[in-house]
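Working notes, beginning with the structure itself.
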Amino acid sequence: MKVVRFIHRWTGGLIGLLLAVLGLTGTLLLHEDAFLRATVPHAADVQRQDAASLGAAATRIFGAEDRPRSLLLASRRLGLHKLTYKDEHAAYADQDGAIVQSWTSNWARPEAWLFDLHHHLFNGDTGEIVGGIAGLAGLGFVGTGLWLWWPTRRMFHVRLWPRMMKRAAIIHHHRDLGVLVAPLLILSLTTGAAMNLKWFSDAIRAPFSSAAVMKAASAPPTIKGGKLAKDLDWTALVAQAQARYPGAEVRLISLPAKPGGLISVRLRQQAEWLPNGRTMAWFDPATGRMVANRDGQALPLGSRIANLDYPLHAAKVGGLPYRLVMTVSGVTLTLLGTLAVVTFWGNPVGNPKRRKRVVKAMAVPGEA
């Protein structure tokens with residue numbers, strides 16, 4: 001018990017603030033679409049998914065002199081297209097293809113830098129790995145916290161805030177609140193770590209599908225495409241994708257990343273939870289003819305399970321009720337991480353006299 005307490009306390013004191021930052025930024029990002037609808041013109045427009053509208057917008061956007069690399073189409077909750085260029089250059093466009101807002105730095109858009117902080121810690125791939133490791137550490141906190149709480153279970157109380165801002169009350173609140181929200185924290189931390197750490201994701205999917213099988217199933221076709229035609233019929237291209245997967249929502253159109261590449265279109269079928277789906281169609285840039293496609297519902301079981309990580313983590317399913325549930329998870333992680341740092345640095349090495357007073361005041365068996 002003493003070893004577990006020592007590990008829990010010191011690691012919490014050292015990275016609790018990082019977990020609090022991840023919890024706070026994640027909570028804000030849950031409501032990104034609502035923020036955009038309230039602040040950006042046309043963001044509340046009704047989604048249009050007919051081939052003519054999508055084709056006209058793609059023609060205008062990809063026909064511009066400074067054309068983007070990809071076009072994320074408007075969704076049911078956000079009536080804007082998002083254009084992605086090189087580096088941090090991006091833009092929002094209405095569903096006719098007219099640019100509404102454009103920026104060249106993530107700092108120009110609050111949702112952009114919040115995502116960069118939450119997912120990359122402002123440090124690219126390295127920050128992504130650090131965030132994933134923090135998620136695993138958070139899972140360790142949940143496990144050790146449950147272990148430390150068990151002897152105090154008879155004193156369990158549901159409180160949103162400590163009874164008083166003294167160390168004993170804060171610790172008591174910290175343990176009880178952590179236990180109460182433990183299932184949500186496990187869900188948030190596991191899905192977050194799995195998205196950031198490929199090896200962890202592969203490991204937890206291994207009972208369902210091997211990493212090699214999942215990688216092979218998600219590999220793009222090796223077909224070589226021609227040069228992007230200036231007069232490409234984008235309406236016909238979109239119509240082909242919709243005809244191949246009737247009822248699917250067209251989500252993302254990407255231009256070839258290099259010469260000889262293909263135009264890729266991502267679609268979301270009704271059974272897919274992932275907001276942009278994993279159903280794919282590829283087209284020759286020279287002719288606009290479909291040359292390959294992949295049904296997201298036919299992927300290996302491990303891949304389909306992995307595709308649930310993001311919608312569960314970011315509350316992209318379940319509507320407002322589930323977003324509120326995950327908001328509770330994010331706020332709780334923020335609170336637990338912050339108070340862990342406060343109590344630790346208020347007494348990092350542990351004061352024996354204070355500990356005796358705490359034990360006596362709380363009457364906790366097994367704490368001496």
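The values are calculated or read from the model by the stated rules, or taken from the named source; none is laboratory data. Quick caveat: nothing in here was measured; it's all calculated off a predicted structure. Cβ sites come from the backbone with ideal geometry, for glycine too, and all protein chains shown count toward neighbours.
Out of all the residues in region 41-56, is one or more acidic (Asp, Glu) and surrounded by 15 or more Cβ atoms within 10 Å (Cβ to Cβ)?
There is at least one residue in region 41-56 that is acidic (Asp, Glu) and surrounded by 15 or more Cβ atoms within 10 Å (Cβ to Cβ).
Regarding region 14-33, can at least one residue be identified that is assigned to a loop (DSSP other than H, G, I, E, B), surrounded by fewer than 20 Cβ atoms within 10 Å (Cβ to Cβ), on the phi > 0 side of the Ramachandran plot and under 23 Å from the mean Cα position of the chain (by Cα)?
no
Please verify whether Leu262 is more than 23 Å from the chain's Cα centre (by Cα), surrounded by 20 or more Cβ atoms within 10 Å (Cβ to Cβ), assigned by TED's automatic domain parsing to the domain that holds Ser75 and under 30 Å from Gly226 (Cβ atoms), treating the condition exactly as stated.
Taking the combined requirement at face value, the residue satisfies it.
Any idea which residue in region 185-210 is surrounded by the most Cβ atoms within 10 Å (Cβ to Cβ), counting only those that are more than 13 Å from Ile305 (Cα to Cα) and free of Cβ contacts under 8 Å to residues at least 24 places away in the same chain?
Among residues in region 185-210 that are more than 13 Å from Ile305 (Cα to Cα) and free of Cβ contacts under 8 Å to residues at least 24 places away in the same chain, the one surrounded by the most Cβ atoms within 10 Å (Cβ to Cβ) is Lys198.
Does Asn293 fit the bill of being farther than 29 Å from Leu189 by Cα, at pLDDT 95 or above and touching a helix residue (DSSP H, G or I) at 6+ places or on another chain (Cβ under 8 Å)?
The answer is yes for Asn293.
Okay, residues lined up against (1) acidic (Asp, Glu); (2) at positive phi; (3) under 20 Å from the mean Cα position of the chain (by Cα):
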| position | (1), (2), (3) |
| --- | --- |
| Arg76 | no, no, yes |
| Leu80 | no, no, yes |
| Ala90 | no, no, yes |
| Ser102 | no, no, no |
| Asp116 | yes, no, yes |
| Asn123 | no, no, yes |
| Glu128 | yes, no, yes |
| Val142 | no, no, no |
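Only one residue in Leu320, Leu299, Leu312 is among the hydrophobic types (A, V, I, L, M, F, W, C), touching a helix residue (DSSP H, G or I) at 6+ places or on another chain (Cβ under 6 Å) and farther than 16 Å from Gly192 by Cβ, so which one is that?
Residue meeting the stated conditions: Leu299.
Table: residues versus (1) buried (at least 16 other Cβ atoms within 10 Å of the Cβ); (2) in contact (Cβ under 8 Å) with a residue 60 or more places away in the chain; (3) in a loop (DSSP other than H, G, I, E, B); (4) of a type outside the set (A, V, I, L, M, F, W, C).
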{"site": "Ala91", "(1), (2), (3), (4)": "yes, no, no, no"}
{"site": "Asp96", "(1), (2), (3), (4)": "no, no, yes, yes"}
{"site": "Glu111", "(1), (2), (3), (4)": "yes, yes, no, yes"}
{"site": "His157", "(1), (2), (3), (4)": "no, no, yes, yes"}
{"site": "Pro162", "(1), (2), (3), (4)": "yes, yes, yes, yes"}
{"site": "Met165", "(1), (2), (3), (4)": "no, no, yes, no"}
{"site": "Ala168", "(1), (2), (3), (4)": "yes, yes, no, no"}
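Residue by residue through region 277-298, note down the ones that are under 24 Å from the mean Cα position of the chain (by Cα), in a loop (DSSP other than H, G, I, E, B) and surrounded by fewer than 20 Cβ atoms within 10 Å (Cβ to Cβ).
Matches in region 277-298: Asp295 only.
Restricting the search to region 219-258, which residues are assigned to a strand (DSSP E or B) and either surrounded by 20 or more Cβ atoms within 10 Å (Cβ to Cβ) or touching a Gly at 6+ places or on another chain (Cβ under 6 Å) (or both)?
Matches in region 219-258: Glu249, Val250, Arg251, Ile253.
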